[in-house]
């Protein structure tokens, strides 16, 4: 397989129909005995809130508190010096992988391969490792390492390994409270480049998407791991994207990508509401759906392109209505940002893998610019923080008229593999991960 064909990994995701779930809630699972640590959009209903830890930076799940990939930080630099913002520290020992970071309780969480194990790591805000806990075997196939980012809620960490091991850990100590393998439990096979989703917490439930012949999406009791509901199979294997939840005309719907489609599941009952086919090469549906103003946006690489679909709730039925389609943005797995009516993200095979801006309402392309090259991004205070797959970092104003870099630098050497972990801006810092290294940059405009 050529390098071009190999770069199809995740992240570090049309027939319509309505039917009731095929699996009723099962009995409560007996939590495993805790194992010792290795070393010392419309948001879901979550209890990890700024009010709980007002002094601590909060980025509790992949793509942030609202799952929109937009940081609430203010008072940040609007341009960088030639060498980039100050590097505060570099941490190593987090293992191989592409997981991004989450923050809560004054700690930073991520995951990676340490030896032959998947390991969840918590670091303090000075970059010192506070604890590490195993979460099953490591993924040692193509593109070794972690994928999913830990999710923080109510004093606990939830992490799904590439092999389907779902663990609930104490956020402050790393003690294992319960774990199970979602692929084994729900009769699903792993996918080509392994599971990559970052799980969703919705009230008292943890949402994950094992896919396969029996189920599509499942809700587990977040305190015990017991099955609350299991949505019927959509006929597809899992995708590589993470689920999101939104309220549509009074209906709470979980949106996620399977290997071949966008699906919607009722968040309260587990009813599979619809399946909208969206195929791409190698079944790499990896970009998280974006919901806004009654519509859901999806995009995939390899020229598959983008779609905007209106969500129509008609009594007990939910259907999707096409708004527009575009081949101008075929986002691979670097994610997109919706800001002030415009979508920003990197193309894959079309437009020379440039950074693209689309009008949300019409799908019209507003620009295609090289920037730092194809990669991932996040947004804070109206600025796009872009990270190329080759370690180049850029800063550009989120404007539909141009992609003008006002800062650029390269990550320090030493990391292995592509830089696929999505950047995070939280607490006045820019966090960037490359392999076993985590870098924290000071991006505040004024210092305390």
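The table for this structure:
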{"quantity": "Filtered residues of segment 361-380 (kept if part of a loop (DSSP other than H, G, I, E, B) and more than 21 Å from the chain's Cα centre (by Cα))", "calculated": "361, 362, 363, 364, 370, 371, 372"}
{"quantity": "Any hit, segment 229-238, residues being touching a strand residue (DSSP E or B) at 6+ places or on another chain (Cβ under 8 Å) and within 18 Å of residue 294 (Cα to Cα)", "calculated": "no"}
{"quantity": "Count - residues of segment 207-228 that are assigned to a strand (DSSP E or B) and either surrounded by 24 or more Cβ atoms within 10 Å (Cβ to Cβ) or touching a helix residue (DSSP H, G or I) at 6+ places or on another chain (Cβ under 6 Å) (or both)", "calculated": "9"}
{"quantity": "Which listed residue, of 57, 36, 41, is surrounded by fewer than 18 Cβ atoms within 10 Å (Cβ to Cβ), at pLDDT below 95 and part of a loop (DSSP other than H, G, I, E, B)", "calculated": "36"}
{"quantity": "Qualifying residues in segment 73-102 (those that are loosely packed, with under 15 Cβ neighbours inside 10 Å and assigned to a loop (DSSP other than H, G, I, E, B)) - the one nearest to the chain's Cα centre (by Cα)", "calculated": "74"}
{"quantity": "Residue match in segment 323-335 (condition: surrounded by fewer than 24 Cβ atoms within 10 Å (Cβ to Cβ), under 24 Å from the mean Cα position of the chain (by Cα) and in a loop (DSSP other than H, G, I, E, B))", "calculated": "yes"}
{"quantity": "Among the residues listed as 296, 311, the single one being within 23 Å of the chain's Cα centre (by Cα), surrounded by fewer than 24 Cβ atoms within 10 Å (Cβ to Cβ) and part of a strand (DSSP E or B)", "calculated": "311"}
{"quantity": "Residue in segment 118-131 that is under 30 Å from residue 253 (Cβ atoms) and in a loop (DSSP other than H, G, I, E, B) present", "calculated": "no"}
{"quantity": "Residues (in a loop (DSSP other than H, G, I, E, B) and more than 9 Å from residue 95 (Cα to Cα)) located in segment 107-117", "calculated": "116"}
{"quantity": "Selection count, segment 234-257, where residues are crowded, with 24+ Cβ neighbours inside 10 Å and not in a strand (DSSP E or B)", "calculated": "6"}
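Table: residues versus (1) at pLDDT below 95; (2) touching a strand residue (DSSP E or B) at 6+ places or on another chain (Cβ under 6 Å); (3) surrounded by 22 or more Cβ atoms within 10 Å (Cβ to Cβ); (4) assigned to a loop (DSSP other than H, G, I, E, B).
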{"position": "384", "(1), (2), (3), (4)": "no, yes, yes, no"}
{"position": "425", "(1), (2), (3), (4)": "no, yes, yes, no"}
{"position": "433", "(1), (2), (3), (4)": "no, no, yes, no"}
{"position": "448", "(1), (2), (3), (4)": "yes, no, no, yes"}
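The values are calculated or read from the model by the stated rules, or taken from the named source; none is laboratory data. Quantities reported herein were computed from a predicted structural model and do not represent experimental measurements. Using ideal geometry, Cβ is built from the backbone for each residue, glycine included, and neighbour counts are taken over all protein chains shown.
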